[in-house]
Amino acid sequence: MNRDAATSAVLGLTCLAAWEALVRLGQTSPLVLPAPSVVAQALWQGLSSGYLWPHIAHTLTEVVLGLLLGASMGFVGGVVLGESARVRRVFMPYVVLSQVVPKLALAPLFIVWFGFGLLPTVVMTALICFFPLLENIATAMQQVDAHKLELFRMLRASAWQTLWRLKIPAGLPQIMAGLRVAVVLAWVGAVVGEFIGSSHGLGALIIAAQGSMDTPLMFAVLTVITVLGLAFYQAAQWLEQRLLRSQLEMSKRTKK
């Protein structure tokens, strides 16, 4: 793992060095493509002056709230759809429809319905990130080992006990995979929502930088979004490993 991480870091640094050399040798204007050193300088100025921090806090709030709302919707919806094939057949087309409709087209409607500010962006973020978790949970619950299900029936376990002691633990890898995707999409939803209906946040800052032709600032903001998105993804991976390890230890204790 350490060797892989080092290889990945070297690859990233090589790409940055090639980018820097390409811009300097080609004498490309910073308005078109700023060098990484120029982007780093703009990022440092934004962070050290405190200019970026309120926007970072605003977007973080939207991402966290949208992810909590979307994950809750996805978990409940996935359990309901996974428990009942009939409910899945009836409601799944409408769930898919909610994902097929472009979210950028819905943004103006959300502004009309919810006004400007935090709420429309949180709703859009939740709408974007709930589907992967819902689909993975519903699929995982339908793929539980039939022999284990029969064993729970023989032991006269209730539907609630079967859900929490068999279906959810058995589908944990798929559930966490859906959560990892949802974490990434939450950042997409928040930034896209800010493009349309917000004067605060990293997405709004990108639009403002575009209007003032401040390309280095645009790249600096994109760098912040990328780093924070990776941090959230790594946190989701850490949580998955922690839960799977706890589940394995509990399984070993049960066998003893």
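The values are calculated or read from the model by the stated rules, or taken from the named source; none is laboratory data. Keep in mind that this is a model prediction, so the values were computed, not measured. Cβ placement follows ideal geometry from the backbone for every residue including glycine, while neighbour counts extend to all protein chains displayed.
Observations, loosely collected:
Every residue, every condition in (1) touching a strand residue (DSSP E or B) at 6+ places or on another chain (Cβ under 6 Å); (2) within 30 Å of Gln161 (Cα to Cα); (3) outside the structural domain of Gly189 (by TED's automatic domain parsing), yes or no:
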| position | (1), (2), (3) |
| --- | --- |
| Ala9 | no, no, yes |
| Gln27 | no, no, yes |
| Leu43 | no, no, no |
| Thr61 | no, no, no |
| Ser72 | no, yes, no |
| Arg86 | no, yes, no |
| Val96 | no, yes, no |
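- A count restricted to region 184-230 and to residues that are in contact with a His (Cβ under 9 Å, 6 or more places away or on another chain) and on the phi > 0 side of the Ramachandran plot stands at 1.
- The residues listed here are Ala231, Ala177; of these, the one that is of a type in the set (A, V, I, L, M), touching a residue at least 12 places away in the same chain (Cβ under 8 Å) and closer than 30 Å to Ile56 by Cα is Ala177.
- Residue check for Leu228: exposed (fewer than 15 other Cβ atoms within 10 Å of the Cβ), under 20 Å from the mean Cα position of the chain (by Cα), among the aliphatic types (A, V, I, L, M) and at pLDDT 85 or above: no
- Members of region 127-142 that are surrounded by fewer than 23 Cβ atoms within 10 Å (Cβ to Cβ) and either basic (Lys, Arg) or under 14 Å from Met176 (Cβ atoms) (or both): Glu135, Thr139, Ala140
- Some residue of region 224-236 being of a type in the set (Gly, Ala, Ser) and closer than 15 Å to Gly70 by Cβ: yes
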